[in-house]
Every structure is written in C-alpha cells, then in structure tokens.
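For reference, the structure discussed in these notes is given below.
The values are calculated or read from the model by the stated rules, or taken from the named source; none is laboratory data. Quick caveat, the model's predicted, so the values are computed rather than measured. Reconstructed Cβ throughout: ideal geometry from the backbone, glycine too, with neighbour counts over all protein chains shown.
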Amino acid sequence: MSATPRYRRVVLKVSGEALMGSQGFGIDVSVVDRIAADIAEARALGVEVGVVIGGGNIFRGVAVASKGGDRVTGDHMGMLATVINSLALRTSLVKIGVEAVVLSAIAMPELCESFSQRQATAYMNAGKVVIFAGGTGNPFFTTDSAAALRAAEIGADALFKGTQVDGVYSADPLKTKDAVRYDRLTHERVMREGLRIMDTAAIALARENNIPIIVFSIHEEGGFAAILKGAGRCTIVDD
Ligand code: UDP
C-alpha cells in the first residue's frame with residue numbers, strides 16, 4: 001500500500017439511492033454521516049474531493065414523463081432533489097469538521113452558491129470539499145453526466161463511481177452466482193459491450209478527457225480511502 005495517494009484530485013459520484021439506507025425513500029442521516037466520514041478520510045490523505053450526488057432517492061424526471069407529464073418539469077424536480085441531498089452531505093461534513101461548500105448548477109443564492117469552474121477550482125485548491133448540486137443544470141441529462149462534466153472541468157485525475165457492488169461484473173452479481181468481477185477495463189470496451197457503469201454520455205466524456213473511472217462499493221466503510229492508497233476492491237476503467 002502506497003503512502004502517497006494514487007490521485008491528487010477526484011470527483012466522487014454517489015447515487016441518491018445510496019443515501020436512503022434501508023428506507024424506501026429519502027435520506028437516512030446515518031448513511032450520509034458514514035459517507036461524510038469516508039470523504040473526511042480521503043481529505044486527510046491530502047486528496048482534493050469534489051462530489052456529485054444524484055436525486056433518485058427523492059425524484060427522477062422520468063416518473064413525471066412516464067405518467068404523461070412534462071419531462072422538462074420532471075427533470076427540474078429531479079435536479080432540485082440533488083440540491084436537497086447535497087445540503088444533507090454538507091451538513092454531515094461540517095458536523096465532523098470538514099470544510100465543504102455546495103455549488104449549484106441552478107442559481108438559488110439563499111441556499112448555496114452557484115457553480116462556476118473558477119470558483120470550484122479555487123475552493124478545491126483551498127482544500128474544501130466541493131459538492132456539485134443540480135446536476136448539469138439541464139433536463140435530459142443525468143448526474144452521471146454531471147459527474148463526468150465536473151471532473152473534466154476541474155481537471156480531476158479520476159472519477160469515482162460509488163455503486164451497490166465492489167466493481168464491474170460480467171453479469172449482475174446479485175442475480176448471477178458465477179458473475180466475474182473485472183479488475184481493469186477500457187472505456188472503449190465498456191461502451192462496446194454496453195456494461196452498465198454510468199450512462200454512455202458520461203463514459204464518452206471521461207474517455208475524451210482521459211479520465212479513469214473507478215467503480216467501487218459505496219457501502220464499504222473506508223473503501224474510498226483504501227482505493228486512494230492503492231488497496232481496496234474496485235474496477236478501474238482506463239485506456
Ligand atoms: N437531472 C437532470 N439533469 C441533470 C442531472 C439530473 O434533469 O443534469 C434530473 C433527472 O430527472 C434525474 C434526476 O435529476 O432523473 C436525478 O438524477 P439521477 O437520476 O442522475 O440520480 P441518481 O440515479 O444518481 O440518484
């Protein structure tokens with residue numbers, strides 16, 4: 001295990017569903033606290049951390065569209081859900097003494113600052129955890145794409161995708177007993193074989209900008225820092 005972290009600046013993508021714990025909806029504060037502790041460990045290693053959180057634990061735009069409603073409004077609701085989650089994570093980080101700011105892609109100055117690449121970079125240089133809220137700020141996108149976009153904008157060395165399992169498998173390991181876990185994959189293979197890590201736009205953006213994607217389990221306590229130290233279980237998607 002190396003003492004120098006493997007990456008200097010990273011973006012961590014956490015799906016909204018990861019925040020609801022065993023509840024069927026919303027935010028389980030104890031889960032958010034645990035994720036905050038994992039981020040604190042990464043900060044203690046000197047790694048600069050940006051975070052993108054999804055909104056699926058609260059709302060997804062397709063839920064409106066599938067019932068004949070307006071998709072754009074649905075997506076606005078989904079983006080607002082990511083702001084709620086981002087504020088929850090900031091609260092958990094601040095509680096344990098980690099400096100953190102929320103920068104939203106949609107202006108809501110009473111709640112948090114608006115995103116700009118310059119401000120985000122300045123905060124990261126100053127050692128603050130930057131939580132990117134509001135996805136890309138545009139409907140028809142996902143927070144996976146927002147994570148790849150922010151990673152490219154702030155010059156991240158890697159994009160960490162926290163999932164339900166500890167990497168990318170040949171089949172769903174929760175359903176298929178002999179599913180094989182990959183240690184390494186290329187962006188190209190992920191796209192060609194349609195491996196469901198992140199949406200295609202996110203993978204294409206990461207590939208174009210030479211950003212490796214590290215897929216790991218968000219439920220593994222200490223897993224984020226372990227991978228940063230060169231250990232831990234994950235799949236690395238690189239070229
Ligand atoms: N969303 C959007 N534009 C974005 C990011 C998100 O419109 O750039 C909306 C979309 O409705 C999406 C919802 O916000 O369903 C929540 O995001 P996502 O589904 O990516 O969350 P996750 O699955 O990671 O919890």
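Of all residues in region 113-153, those satisfying the criterion of being part of a loop (DSSP other than H, G, I, E, B) and surrounded by fewer than 20 Cβ atoms within 10 Å (Cβ to Cβ) are Ser116, Ala126, Gly127, Lys128, Gly137, Asn138, Pro139, Phe140.
Taken as a whole, the condition of being of a type in the set (Phe, Trp, Tyr) and within 22 Å of Leu149 (Cα to Cα) does not apply to Phe25. Checking the stated criteria, Val168 turns out not to satisfy the condition of being away from the ligand (no atom under 12 Å from the Cβ), free of Cβ contacts under 8 Å to residues at least 40 places away in the same chain and among the aliphatic types (A, V, I, L, M). Do you know which residues across region 5-37 are out of contact with any strand residue (DSSP E or B) (no Cβ under 9 Å at 6 or more places or on another chain), buried (at least 18 other Cβ atoms within 10 Å of the Cβ) and within 18 Å of Val102 (Cβ to Cβ)? Of everything in region 5-37, those that are out of contact with any strand residue (DSSP E or B) (no Cβ under 9 Å at 6 or more places or on another chain), buried (at least 18 other Cβ atoms within 10 Å of the Cβ) and within 18 Å of Val102 (Cβ to Cβ) turn out to be Ile27, Val32.
Tell me, yes or no, whether region 94-102 has at least one residue that is within 16 Å of the ligand (Cβ to nearest atom) and under 16 Å from Val130 (Cα atoms). Yes, some residue in region 94-102 is within 16 Å of the ligand (Cβ to nearest atom) and under 16 Å from Val130 (Cα atoms).
Only one of the numbered conditions (1) within 15 Å of the chain's Cα centre (by Cα); (2) assigned to a helix (DSSP H, G or I) is violated by Gly50, and that is (2).
What are the residues in region 56-77 that are part of a loop (DSSP other than H, G, I, E, B), surrounded by 18 or more Cβ atoms within 10 Å (Cβ to Cβ) and without any contact (Cβ under 8 Å) to a residue 40 or more places away in the chain, if any? Within region 56-77, Phe59, Arg60 meet the criteria.
Only one of the numbered conditions (1) under 29 Å from Lys95 (Cβ atoms); (2) surrounded by 15 or more Cβ atoms within 10 Å (Cβ to Cβ) is not met by Ala202, and that is (1). Quick check on region 76-91: of everything there that is of a type in the set (Ser, Thr, Tyr) and more than 10 Å from the ligand (Cβ to nearest atom), which residue is farthest from Gly137 (Cα to Cα)? Here the answer is Thr91. Using the structure shown, decide if Lys13 is outside any helix (DSSP H, G or I), of a type in the set (D, E, K, R) and without any contact (Cβ under 8 Å) to a residue 40 or more places away in the chain. The answer is no for Lys13. Filtering region 101-112 to residues that are buried (at least 23 other Cβ atoms within 10 Å of the Cβ) and over 12 Å from Thr82 (Cβ atoms) leaves nothing. Residues in region 35-47 that are touching a residue at least 60 places away in the same chain (Cβ under 8 Å) and part of a loop (DSSP other than H, G, I, E, B): Leu45, Val47.
Annotation: Ile27 fulfils all but one of (1) away from the ligand (no atom under 14 Å from the Cβ); (2) outside any helix (DSSP H, G or I); the unmet one is (1). Pairs meeting the criteria (first residue in region 140-154 and over 14 Å from Asp75 (Cβ atoms) and modelled with pLDDT of 95 or more, second residue among the β-branched types (Val, Ile, Thr) and near the ligand (Cβ under 6 Å from one of its atoms), beta carbons under 7 Å, at least 6 apart or on different chains) are Leu149/Thr136.
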